[in-house]
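Student: Structure in structure tokens, see below.
Each value in this text was obtained by applying a stated rule to the coordinates, not by laboratory testing. No experiment lies behind these values; they were computed from the predicted model shown. Cβ atoms come from the backbone with ideal geometry, glycine included; neighbour counts cover every protein chain shown.
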Amino acid sequence: MMSRQQRLILLPVVGTILLCLLVGVYLLAWKRFSKKKPSSTIIKHKVGKHPDDTLKYWTADKMRNAKATNMPNVDALDQEKQHPRGSPSDPHQA
């Protein structure tokens, strides 16, 4: 038979294990569902043409008459994030 003292020790251990499992499941669910959605989706296209066909298409005349396209707007990182203090690439540390 299980003594009363052993039962009193066993119940908190089981409760602690269940609580840890519950917290772990909560953290995994929070991490999975809290990810931000990208502002725009990336679309990939497979190209079935040979690269030489592209080189033949872009002649010097077509390159001269080509117009620039709008580039995506990318927010620059903070200066602290780009060059953490103490890094060798930091010009202010010289």
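Student: For the pair residue 27/residue 40, report the inter-label distance in nm, with labels modelled 7 Å from Cα in the Cβ direction.
Tutor: About 3.7 nm separates the two model spin labels.
Student: On to the next question. Modelled label-to-label distance, residue 3 and residue 53, 7 Å Cα→beta-carbon offset: nm?
Tutor: Result for the modelled spin labels: 8.5 nm.
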